[in-house]
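I have a structure here, written as structure tokens, and I will follow up with some questions on it.
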Amino acid sequence: MLEWILAILIIVGAFFTLVGSIGLFKLPDFYMRLHGPTKASTLGVGAILIASAIHFSLKTDGVSLHEILVTLFLFITAPVSAHLMAKAAIHIKVKQVERTRQLED
Amino acid sequence: MMFRRVFPHPLLTLILWAIWLLLNNSMDPGHIVLGAALAIFIPWLTSSYWPEQIIIRHPWMLVLYILKVLYEILVANAVVAKLILGPQKRLNPGFLHYELQLTSPVGISLLANTISLTPGTVSCDLSKDRRYLLIHALHIDDVAEIKAEIHRKFEKPLLEIFVAC
């Protein structure tokens with residue numbers, strides 16, 4: 001039973017990480033590509049880390065809480081780096097897909 | 001105000017202590033003492049970078065908010081996965097200005113982080129007067145709807161949690 005839960009969590013995590021990479025590869029411009037890794041990876045890495053925490057808490061003595069920290073740091077740093085990259089891209093006027101909606105004002 | 005001098009940011013002290021213990025993955029008395037020493041020393045050393053007091057009115061609401069954000073990440077991930085795997089001709093990316101009602105700096109940065117974490121939107125810039133957030137969205141159907149959603153799901157709870165300063 002436990003193995004099944006862990007397997008499902010890892011597969012879900014791997015799937016969303018893969019989707020993030022596919023997004024990085026095929027989306028047309030920089031701003032859209034930014035969505036791939038910062039997003040799909042939150043759930044992808046999250047699911048894998050939950051699986052890791054469950055596995056090591058039950059298979060070894062004591063609880064394994066390192067994973068919570070990894071998740072915490074990931075969730076704090078990923079948006080900040082995305083924000084900085086987007087801001088830098090706007091400043092140096094990185095090319096956008098033509099159909100990108102511009103600001104109304 | 002002796003207490004404020006020793007603990008400029010009591011919350012930061014508690015968080016640092018917890019992080020130290022988690023990093024070491026142990027509850028040894030030695031680590032508890034060392035962690036406490038670091039947790040008191042670091043906020044004191046960096047207190048000039050954090051001039052304003054962070055006031056959280058409802059700590060339990062912050063916990064609720066985090067759970068809600070986790071749920072939103074889960075839902076939105078599925079949506080974005082579909083957008084990425086589907087034909088990209090159908091995607092309408094774009095920028096939008098979000099008018100902030102939040103005034104507390106910590107509240108604004110939490111909102112911006114949340115917007116970037118939930119799939120489909122990335123916060124790109126904050127206007128100098130801290131009134132507008134520039135957001136890039138992967139797919140826009142209706143701008144007003146996205147803004148209303150951000151306000152309803154994220155900004156409203158944050159407005160209640162963080163006192164304006």
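The values are calculated or read from the model by the stated rules, or taken from the named source; none is laboratory data. Note that the structure is predicted; figures quoted are calculated from it, not measured. Reconstructed Cβ throughout: ideal geometry from the backbone, glycine too, with neighbour counts over all protein chains shown. Protein only, heavy atoms only, side chains kept; ligands, DNA and RNA dropped before computing areas. Shrake-Rupley method; radii C 1.70, N 1.55, O 1.52, S 1.80 Å.
Only residues that are surrounded by 14 or more Cβ atoms within 10 Å (Cβ to Cβ), within 22 Å of A:Gly20 (Cβ to Cβ) and either without any contact (Cβ under 8 Å) to a residue 24 or more places away in the chain or over 22 Å from the mean Cα position of the chain (by Cα) (or both): list them for the stretch B:31-77, please.
Within the stretch B:31-77, B:Leu70, B:Leu74 meet the criteria.
Could you look through the stretch B:78-112, keep only residues that are in contact with a Cys (Cβ under 9 Å, 6 or more places away or on another chain) and among the polar types (S, T, N, Q), and pick out the one that is surrounded by the most Cβ atoms within 10 Å (Cβ to Cβ)?
By that ranking, first place goes to B:Ser104.
State all residues of the stretch A:38-64 that are open to solvent by 60 Å² or more (accessible area, probe 1.4 Å) and not in a helix (DSSP H, G or I); if no residue qualifies, say none.
A:Thr60, A:Asp61, A:Val63
Count, please, the residues in the stretch A:81-105 that happen to be within 7 Å of chain B (Cβ to nearest Cβ) and within 28 Å of B:Leu70 (Cβ to Cβ).
The number of residues fulfilling the criteria is 4.
For residues that are out of contact with any Phe, Trp or Tyr (no Cβ under 9 Å at 6 or more places or on another chain), open to solvent by less than 20 Å² (accessible area, probe 1.4 Å) and part of a helix (DSSP H, G or I), scanning just the stretch A:16-37, find the one that is farthest from the other protein chains (Cβ to nearest Cβ).
Here the residue is A:Gly20.
Pick from the stretch B:120-135 the residues that are part of a strand (DSSP E or B) and more than 7 Å from chain A (Cβ to nearest Cβ): which of them is farthest from B:Glu149 (Cα to Cα)?
B:Leu126
With the condition kept exactly as written, say whether any residue in the stretch B:91-107 is without any contact (Cβ under 8 Å) to a residue 60 or more places away in the chain, closer than 29 Å to A:Lys26 by Cα and among the β-branched types (Val, Ile, Thr).
no
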